[in-house]
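Beneath this line is the structure, given in structure tokens, with notes to follow.
The values are calculated or read from the model by the stated rules, or taken from the named source; none is laboratory data. Only a predicted model underlies this, so the values are computations on that prediction, with no experimental measurement involved. Cβ placement follows ideal geometry from the backbone for every residue including glycine, while neighbour counts extend to all protein chains displayed. Side chains are part of the model used for accessible areas, which takes the heavy atoms of the whole protein and leaves out ligands, DNA and RNA. Shrake-Rupley method; radii C 1.70, N 1.55, O 1.52, S 1.80 Å.
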Amino acid sequence: MLTESIKDLFDPQHIQHVAQMRDQFFSTGDARDITGVRDEILLGWKLSYEKGFPGVQKPVVHDLDKRIEKSAELMEVAVPYMEKLHRFLQQDSFWVTLLDADAVILKLVGTEKMLTELATTGLVEGSNRGSEVPYCGLFHSVYILQRPFIL
């Protein structure tokens with residue numbers, strides 16, 4: 001069962017409030033009047049602001065084939081389970097992501113519609129979400145915090 005604090009993360013009013021706080025923060029870079037936002041999220045916003053995001057190109061690696069080859073055993077085990085999980089959930093708004101140790105996306109599993117939507121935001125196989133990323137989204141947060149994270 002979800003705890004109250006996690007359930008609140010999915011409350012439409014909370015989501016709208018956080019979006020407003022995000023807009024406010026990125027327009028000023030000032031966190032003093034930001035309320036109702038978890039510390040981890042605010043840390044991510046600060047890191048992103050310092051790196052010049054939004055407006056900075058999201059990096060994609062040029063050695064994806066080598067990374068996939070290096071992670072062949074992981075891919076062999078993980079991808080079938082990722083595909084099963086996605087088929088089980090049958091959600092257009094859901095996808096499964098596999099990253100390597102450097103937080104580079106090796107595989108995305110989702111509907112064609114979802115993968116197309118993700119691509120418009122720069123989330124594609126080969127995207128680098130690790131230390132060189134100019135913003136702090138979900139995958140970068142997991143990478144820098146070294147723990148599971150819900151966004």
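Observations on the structure shown:
- Of all lysines in the structure, the ones whose alpha carbon falls short of 19 Å from that of Lys113, not counting any fewer than 8 places away in one chain, are Lys84.
- Of all accessible heavy-atom area on the chain, the percent that carbon and sulfur account for (1.4 Å): 55
- Stretchable slack from Glu112 to Lys66, in nm (0.36 nm times residue separation minus alpha-carbon distance): 14.1 nm
- Å² of accessible area per residue within region 46-126, as computed with a 1.4 Å probe and no ligands counted: 68
- Part-to-part distance (alpha-carbon centres) for region 32-48 and region 93-151, which is given in Å: 20
- Rounded to whole Å, sorted largest first: equivalent-ellipsoid semi-axes of the chain, Cα gyration tensor: 28, 20, 14
- Kirkwood-Stokes translational diffusion coefficient of region 62-151, alpha-carbon pairs, 4 °C, 1.567 mPa s, µm²/s: 94
- The GNM of the chain, with springs linking C-alpha atoms under 10 angstrom apart, assigns the highest mean-square fluctuation among Gly52, Gly126, Gly137 to Gly52.
- A Cβ-based charge dipole, computed about the Cα centre of region 1-147 with Lys and Arg at +1 and Asp and Glu at -1, lands at about 60 debye.
- Length gained when the stretch His17-Leu43 is fully extended (0.36 nm per residue, less Cα-Cα span): 7.6 nm
- Helix 39-50 vs. the chain, principal-axis angle (Cα, 0 to 90°, nearest 10): 90
- Measuring max minus min along each principal axis, the C-alpha atoms of region 9-72 give extents of 47, 27, 17 Å (largest first).
- Eligible aspartates and glutamates near Lys66 by straight Cα distance, threshold 20 Å, same-chain separation 8 or greater: Glu76, Asp100, Asp102, Glu125, Glu132
- Contact order for the chain, expressed relative to its length and based on alpha carbon pairs under 8 Å spaced 6+ residues apart, stands at 22 percent.
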